[in-house]
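Peer 1: The structure's right below; bear with me while I get my questions together.
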Amino acid sequence: MPVLTNAQLQGLAAEELDAGTEIDPDWPDPYPESPCWGFALFGGPGGLAANTPPTIFEQAITFNDAGIMTGMNPDFVAWVHDTFDNAAADAQAQAFADNFQEAFIDLDDGAQEACTGALARLSMVLAGLTLSDENGTAPTRYAIVMASDHWYTWEHWALSIANNVGQPDYPQVQYVQRDAGINPVNTRCGLVWGNHPILTTVYVTELQDGHIEYLRHAAGWPD
């Protein structure tokens, strides 16, 4: 899986970040209807496959007809194991299960944070991303950010790039993101869109090929 060179990181960096700079409008976006998580996790594709957030969260949490959370699906850990046969995914599903009761019944802040992080990491592992050391908490140049309104939901996903290499006065991090398939991918964003109260940041060691395909059509990409 690819990484960015120092020259590419420096080219994409900006002294001031705002709402975003669009990808070259003359480049035909190969995934124009991709959702936010499609770009952030997979580098472009969307869909509703088993390894995507809509399905993962639906399998993890149970809701009543009024849309109120009623608990955890008791078959969730088994579903992850049987569907993916992936030890790293199993570990994240088990972490969610281990903390769910304290999060749901006791409203324990630490347990809720653990559940949110486990579902974010599970989504990332199943997208084929490699978490950094210490369960994705060891800082690298790349991170995936999941924005949530509640500890058991997701609302938005973004790619974070630490790209002020050799330019310490520049903002350390910029975000690359798209809005539910209706906007082109935007780079040089200063904030994760949406003003959601929970931002779960998980570091990864490499990017997806699709991330590079978009970034190389962004303003500032070196020749």
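Peer 1: Using bins 10 angstrom wide from zero, how does P(r) for the range 31-106 break down, in % of all Cα pairs?
Peer 2: Final binned percentages: 17, 41, 33, 9, 0.
Peer 1: Just need the relative contact order of the range 73-223 here, percent rounded to a whole number, with Cα pairs under 8 Å and 6+ apart. Mind dumping the intermediate values first?
Peer 2: Working: 225 pairs, mean separation 30.6, N = 151.
Averaging sequence separation for qualifying contacts and normalising by length gives 20 percent for the range 73-223.
Peer 1: Looking at the range 1-57, which GluC sites (Glu not before Pro) are in a loop (DSSP not H, G, I, E or B) and have at most 13 other Cβ atoms within 10 Å? The partial results should precede the final answer.
Peer 2: Values: sites: Glu15, Glu16, Glu22, Glu33; in loops: Glu15, Glu16, Glu33.
Passing both the DSSP loop test and the Cβ count: Glu15, Glu16, Glu33.
Peer 1: Over the Cα atoms of the range 126-195, each weighted equally, I'd like the Debye log10 I(q)/I(0) at q = 0.14 Å⁻¹, rounded to two decimals.
Peer 2: -0.51
Peer 1: Considering only protein heavy atoms and a 1.4 Å probe, what is the carbon-and-sulfur percentage of the accessible area of the range 67-223?
Peer 2: Details: 3370 of 7100 Å².
The nonpolar share, carbon plus sulfur, comes to 48 percent.
Peer 1: Okay, next question. Rg and Dmax of the chain over Cα atoms: what are they, in angstrom?
Peer 2: Values for the chain (Cα only, Rg and Dmax): 17.6, 55 Å.
Peer 1: Roughly how many nanometres apart are two label points built 7 Å out from the Cα toward the Cβ at Asn135 and Gln172?
Peer 2: 2.2
Peer 1: Using amide H atoms built 1.01 Å from N in the peptide plane, name the residues 5+ places from Ile198, or on other chains, whose amide H lies under 5 Å from its own.
Peer 2: For Ile198, the qualifying residues are Ser148.
Peer 1: Moving to a separate point now. Per 5 Å bin, what percent of the C-alpha pairs of the range 184-223 does each bin hold, from zero upward?
Peer 2: All Cα pairs, binned at 5 Å, distribute as 5, 14, 21, 25, 20, 11, 3, 1 percent.
Peer 1: Give me the accessible area per residue for the range 140-201, probe 1.4 Å, as a whole number in Å².
Peer 2: On the way: 2600 Å² over 62 residues.
Ligands and nucleic acids excluded, the figure is 42 Å² per residue.
Peer 1: If we count every other residue with Cβ under 12 angstrom of Gln174's Cβ, Lys/Arg +1 and Asp/Glu -1, where does the sum land? It would help to have the intermediate numbers written out before the result.
Peer 2: Working: positive: Arg141, Arg188; negative: Glu15, Glu16, Asp18.
After counting each charged neighbour, the total is -1.
Peer 1: Could you compute the FRET efficiency for Asp75 and Leu191, with r as their C-beta to C-beta distance and R0 at 30 Å, rounded to 0.05? Walk me through the numbers before you get to the answer.
Peer 2: On the way: r = 38 Å, r/R0 = 1.26.
According to the calculation, E is roughly 0.20.
Peer 1: Follow-up. With +1 on each Lys and Arg Cβ and -1 on each Asp and Glu Cβ, how big is the dipole of the chain about its Cα centre, in debye rounded to the nearest 20?
Peer 2: Working: 5 positive and 30 negative charges, 66 e Å.
Here the chain has a charge dipole of around 320 debye.
Peer 1: Taking a ≥ b ≥ c as the square roots of the eigenvalues of the Cα gyration tensor of the range 96-167, is the shape rounded (a/c under 1.5), prolate (a/b larger than b/c) or oblate? Show your work: numbers first, answer last.
Peer 2: On the way: a/c = 2.19, a/b = 2.03, b/c = 1.08.
Prolate, because a/c is 1.5 or more and a/b exceeds b/c.
Peer 1: Related question: Can you work out the base-10 log of I(q)/I(0) for the range 96-223 at q = 0.09, 0.20 1/Å, using the Debye formula on its C-alpha atoms alone?
Peer 2: Debye curve over Cα of the range 96-223, log10 I(q)/I(0) at q = 0.09, 0.20 Å⁻¹: -0.28, -1.23.
The values are calculated or read from the model by the stated rules, or taken from the named source; none is laboratory data. Everything numeric here is computed off the predicted structure, so don't read it as measured data. Cβ coordinates were reconstructed from backbone atoms using ideal geometry, including for glycine residues, and neighbour counts include every protein chain displayed. Note: accessible area is taken over every heavy atom of the protein model, side chains too, but ligands, DNA and RNA are not part of it. Shrake-Rupley method; radii C 1.70, N 1.55, O 1.52, S 1.80 Å.
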